[in-house]
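J.: The structure's right below; bear with me while I get my questions together.
Where a number appears in this text, it was derived from the coordinates with a stated rule and is not lab data. Because the structure is predicted, anything quoted here is derived from the model rather than measured. We place every Cβ from the backbone using ideal geometry, glycine too, and count neighbours over all the protein chains shown.
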Amino acid sequence: MLSSPSTDAMPVLTGSYTPDSGGEGPGVAALHLDPGTGRLTYDDEVKPLPVSGASFLAAHPSLDVVYSTNEGESGTVSAVSRDGALSPLGDPVSSGGANPCHLTVHPDGGWLLTANYGSDTAPGTVAVHRLGPDGRLLEATDLVVHQGSGPVTGRQEGSHAHQVLLDPAGRFVLATDLGADAVFTYRLDTRTGILERVAVNPSSPGSGPRHLAFSPYGDLMFSADELSSTVTCHRYDAATGILTPLSSVPATAAPDVTNQPGGIVASPCGHFVWVTNRGADTVAAFRLTGTALEPVGEVPAGGSWPRGLTLAAGHLLVANQHSGTLAALRVGDGGTLTQPHPPVSSPSVVCALAL
């Protein structure tokens, strides 16, 4: 367990692009968030770990282990021990595709699922790896290849898996595909580690679904649509894994700006949704009224090109990739956001994980 300066401070890990992956970041670094003040500080007792291309982090549900994508053409994933320090847990293993950009751990702690974005010549894929009793990465048990394309030239000539996550009940695995304009639904056999395709849920042509967030009740799901710069509310059928689009709104009110939504988070109360806007460089707040999303405010992200968005102790942690800053925005009444402290320097940061 990583150190904590007080009983109230929340440990936070950040992932960043390293020099060998086109960035200037350290890989995985440790900070603390003070929930009372929103101040972020680095953990001076924990040295950063140079994990290459650490574009997304996920925690094991019961062990002091986190997993990182190693984004690159020859994609790998890494296991990192956080028992008092950050240290490698075994060697990186192949992610099963090019440019792994998201991963998640099954709630039973036995499986790691990874979304590989792919490349101009390689399709998007979703991989499954078995995890050992100590959290170590073991053999790959399955690799599914997405097929599909969309109308946006230069972005949708082929499939591009962008996120993989479990639904709130842990019954289905959902994988977004920005290139195919679809969300794929799978069932994971937790005896064999094999994925069975259950459904392909089409999105609006050219929307490019990037990331998803579930309502706390599991009946609604929200998508950040990168290519159409929209946020869409979907009905989710937990019995079948099927999505039905209900309503969609612009992700930003900023005029005359090319914008790409990135991270998306739903509030634990189920009344609000927040999304980062790369281009507008804002975080936008929406209120859910029935199944309609209504804009309630938009604030500066604390830097440029806000990518990752994480809810942590009443704050939203915003990873601003191009400015190299990590901001903590306090969530107020009505879903509004304020920034109580200046962001901290965090070169090439792309994600944050609250522990």
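J.: Could the peptides 154-165, 131-142 be put in order, highest first, of the mean number of other beta-carbon atoms found within 10 Å of their residues?
T.: The most tightly packed comes first, giving 154-165, 131-142.
J.: With charges only on Cβ, +1 for K and R and -1 for D and E, what is the dipole size of the chain about its Cα centre, in debye, rounded to 20?
T.: Rounded to the nearest 20 debye, it is 360 debye.
J.: Continuing with this model, one more query. Once phi is turned into θ = phi - 60°, what whole-Hz ³J(HN,Hα) does the Karplus curve with 6.51, -1.76 and 1.60 give for every residue of the range 47-59, x standing for Gly and Pro?
T.: Calculated HN-Hα couplings, in order: 6, x, 10, x, 8, 5, x, 7, 8, 7, 10, 9, 9 Hz.
J.: Considering only C-alpha atoms, what is the centroid distance from the range 66-123 to the range 7-34, in Å?
T.: Using only Cα atoms, the two centres lie 16 Å from each other.
J.: List the residues, sorted by chain then number, that are 5 or more residues from His102 or on another chain and whose placed amide H is less than 5 Å from its amide H.
T.: Those qualifying (amide H under 5 Å, at least 5 residues apart or on another chain) are Ala115.
J.: Here is a follow-up. Residue-wise, which Karplus ³J(HN,Hα) couplings in Hz belong to the range 209-221, taking 6.51 cos²θ - 1.76 cosθ + 1.60, θ = phi - 60°, and x for glycine or proline?
T.: For the range 209-221, the Karplus-derived couplings read x, 9, 10, 10, 9, 8, 5, x, 8, x, 8, 10, 9 Hz, x marking Gly and Pro.
J.: Ranked highest first by the average count of other Cβ atoms within 10 Å around their residues, in what order do 326-337, 10-21, 235-246 fall?
T.: Those peptides, ordered most packed to least, come out 10-21, 326-337, 235-246.
J.: Rank Val296, Val318, Ser346 by how far each Cα sits towards the positive end of the charge dipole of the range 261-355 (+1 on Lys, Arg Cβ; -1 on Asp, Glu Cβ) and give me just the farthest.
T.: The residue sitting farthest along the positive end of the dipole is Ser346.
J.: Continuing with the same structure: Could you please report the charge total around Asn70, scoring K, R as +1 and D, E as -1 over all other residues with beta-carbon less than 13 angstrom from its beta-carbon?
T.: Net charge in that neighbourhood comes out at -4.
J.: Moving on. Using θ = phi - 60° and the Karplus relation 6.51 cos²θ - 1.76 cosθ + 1.60, list the HN-Hα couplings for the range 182-199 in order, rounded to whole Hz, with x at every Gly or Pro.
T.: Once rounded to whole Hz, the list reads 7, 10, 8, 10, 10, 10, 9, 7, 7, 8, 10, x, 9, 9, 10, 6, 9, 7.
J.: Please report, in cubic angstrom per residue, the volume enclosed by the convex hull of the alpha-carbon atoms of the range 219-336.
T.: Spelled out: Cα convex hull of the range 219-336, divided by residues, is 100 Å³.
J.: While we're here: In the neighborhood of His32, defined by Cβ-to-Cβ distances under 14 Å, what is the net charge if each Lys or Arg adds +1 and each Asp or Glu adds -1?
T.: Its environment carries a net charge of -3.
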